[in-house]
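Written below as structure tokens is the structure these notes are about.
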Amino acid sequence: MTNVCFAGVTGWTAPPILAAVHAADDLALVAGVSRSAAGLTLEEATGVAAPGRVHASVGEALAATEVDVLVDYTSATAVKADVLAAIAAGVHVVVGSSGLGAEDYRELDELARAAGVGIVAAGNFSVMAAVLNRAAAIAAGRLEHWEVVDYASDTKADVPSGTARELAEAMGEVRRPVPGLPDEQVHGPIEARGTEVAGTRVHSVRLPSFVVSTEVVFAGSGERLVMRHDAGPSPEPYVDGTLLAVRRVAEVAGVRRGLGSLLFD
């Protein structure tokens, strides 16, 4: 039995994942983390009839409960400290929160390897999003020009989204796109060209009605290829990928990026 602590139990993503963990024969939901619900039982805070309590911090939860895997769906401001606390406690981590960059993951990988801790981190645990990353990486091996457009709601604070960042980094591992007009030749605010992630220009749109949509546009002479993943209003697409990561995170010490590292590698 794998004991699971879920950080972000009162968040939007939590309900179907918590229910799935509780229903699984090989997993046990034993603790949660939420500042707003700290002190409540898991059942009081989430409606899931699991034993255990909700704690104010990951450190408190791991000190009070025997945990094998921490699942983190918190925020860009909290996730790194949560992962560091789990590594220090020898607990494996599934990271569904965005906000960590390549340098953060390099640091965490070194610490996790030294501690014998596995980390699986994905900007998006949807299987369809993982297929997009895989297909885009294949296309990057044959095409020279592309940019990424990152859509999310107007309440999403981190830019680019973890999904868009992961997509750009996956293509960057294949190669970098051929650049267009050099920055010094651009007339007007250079910010209009977006930011650069692993050599790819990424443009973040933040508007009502979007959840997370990620689009990569490949272009050549006289033609374009557009690949896009749209997330709907429900967190259900993230359940299967998250549970797969929980079950396999202990296999390898260090950081594995993307759900594709479990599906395709």
Counting only residues that are among the hydrophobic types (A, V, I, L, M, F, W, C) and more than 18 Å from the chain's Cα centre (by Cα), which one in region 179-215 is nearest to R228 (Cα to Cα)? V205
Would you mind telling me which numbered condition in (1) over 13 Å from the mean Cα position of the chain (by Cα); (2) farther than 18 Å from A192 by Cα; (3) open to solvent by less than 50 Å² (accessible area, probe 1.4 Å); (4) charged (D, E, K, R) E166 fails? (1)
Which one of the conditions (1) touching a residue at least 40 places away in the same chain (Cβ under 8 Å); (2) over 26 Å from D240 (Cα atoms); (3) open to solvent by 20 Å² or more (accessible area, probe 1.4 Å) does G172 fail to meet, given that it meets all the rest? (1)
So, restricting to strands (runs of 3 or more DSSP E) that lie completely within region 1-104, which ones have at least 1 residues that are free of Cβ contacts under 8 Å to residues at least 24 places away in the same chain and farther than 19 Å from G162 by Cβ? none
Could you please give the count of residues in region 230-265 that are of a type in the set (A, V, I, L, M) and touching a Phe, Trp or Tyr at 6+ places or on another chain (Cβ under 6 Å)? 2
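Among the residues of region 239-253, which ones are farther than 20 Å from G11 by Cα and either assigned to a loop (DSSP other than H, G, I, E, B) or among the hydrophobic types (A, V, I, L, M, F, W, C) (or both)?
Scanning region 239-253 gives L244, V249, A250, V252, A253.
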Picked from region 41-57 (must be hydrophobic (A, V, I, L, M, F, W, C) and under 21 Å from P235 (Cβ atoms)), the residue surrounded by the fewest Cβ atoms within 10 Å (Cβ to Cβ) is A49
Restricted to region 111-121, and to residues that are farther than 19 Å from V33 by Cβ and touching a residue at least 60 places away in the same chain (Cβ under 8 Å), which residue is surrounded by the fewest Cβ atoms within 10 Å (Cβ to Cβ)? G116
Which of the numbered conditions does G141 fail, given that it passes all the others? Conditions: (1) open to solvent by less than 60 Å² (accessible area, probe 1.4 Å); (2) in contact (Cβ under 8 Å) with a residue 40 or more places away in the chain. (2)
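The values are calculated or read from the model by the stated rules, or taken from the named source; none is laboratory data. What you see is a predicted model, and the numbers here were worked out from it, not measured in a lab. Heads up, the Cβs are rebuilt from the backbone with ideal geometry, glycines too, and the neighbour counts pull from every protein chain shown. Note: areas computed on protein heavy atoms with side chains; ligands, DNA, RNA excluded. Shrake-Rupley method; radii C 1.70, N 1.55, O 1.52, S 1.80 Å.
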